[in-house]
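This report refers to the structure that appears directly beneath it.
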Amino acid sequence: MVKNDKWIKKMAVEYKMIEPFEPNQIKDGKISFGTSSYGYDMRLSDEFMVMKSDCILDPKKSESIFETVKAKDFIEVPPNSTILGKTLEYFRIPRDIITIAFGKSTYARCGIFINVTPFEPEWEGFVTLSIANTSSLPVKVYTNEGIAQVLFLQAHEVCEFSYADKKGKYQKQKNILTSKV
């Protein structure tokens, strides 16, 4: 069952599921963020990892191909390329919840696609985002504004083994993490 805005607000306040939490949907000349009807529009922080040129991507050895970048108001994603970002919000997912996330339509219309894997039950941390520019032009993505929407799906019963039980390799991530094996 997809959870509604009242449930999201309750969980964010009582269980610190989302910090910092925006209980309303904020637009006001920005790409919207905050609580939506059945989800939460996550914001993009000002921290990024950008691929160095002249390298080969290898998911088993990826840490050395990225350099860390801070951006003030936005970062330009070069044409036909991908950067890593992270959310401004820290998430703590309850044991009976799993999430799915989708990129914002505002960015999709510019050729930006956001890839976010599901937040498994009892996963917590800042979300690492893959931000891909499929267009032939550079595209700006704005810090401290909406980047993707996460939907919360509640199971009828709790899982047998949560992400915390499995001691997942991305548990409690504070920084952008490259792929691990």
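Among residues that are in contact (Cβ under 8 Å) with a residue 12 or more places away in the chain, surrounded by 13 or more Cβ atoms within 10 Å (Cβ to Cβ) and over 29 Å from Lys60 (Cβ atoms), Glu124 is not included.
Filtered by the rule that a residue be crowded, with 21+ Cβ neighbours inside 10 Å and closer than 18 Å to Tyr163 by Cα, the stretch 92-115 gives Ile93, Ile97, Thr99, Ala101.
What is the residue count in the stretch 11-37 for residues that are exposed (fewer than 15 other Cβ atoms within 10 Å of the Cβ) and part of a loop (DSSP other than H, G, I, E, B)?
10
Listed by position, the strands (runs of 3 or more DSSP E) enclosed by the stretch 124-180 that each have at least 1 residues that are within 22 Å of Asp73 (Cα to Cα) and polar (S, T, N, Q) are 124-133, 146-154. In the stretch 154-181, the residues that are of a type in the set (Gly, Ala, Ser) reach residues that are surrounded by 11 or more Cβ atoms within 10 Å (Cβ to Cβ) and not in a loop (DSSP other than H, G, I, E, B) with C-beta atoms within less than 9 angstrom, at least six apart or across chains, in these pairs: Ala155/Ile97; Ala155/Ile98; Ala164/Glu124. For the stretch 1-10, residues that are in a loop (DSSP other than H, G, I, E, B) and basic (Lys, Arg) total 1. Restricting to the stretch 38-52, count the residues that are farther than 14 Å from Val150 by Cα and not in a strand (DSSP E or B). Within the stretch 38-52, residues that are farther than 14 Å from Val150 by Cα and not in a strand (DSSP E or B) number 1.
Taken together, the values in this text are just the output of simple stated rules run on the coordinates, not laboratory data. Given the structure is predicted, the values throughout are model-derived calculations rather than measurements. Cβ sites come from the backbone with ideal geometry, for glycine too, and all protein chains shown count toward neighbours.
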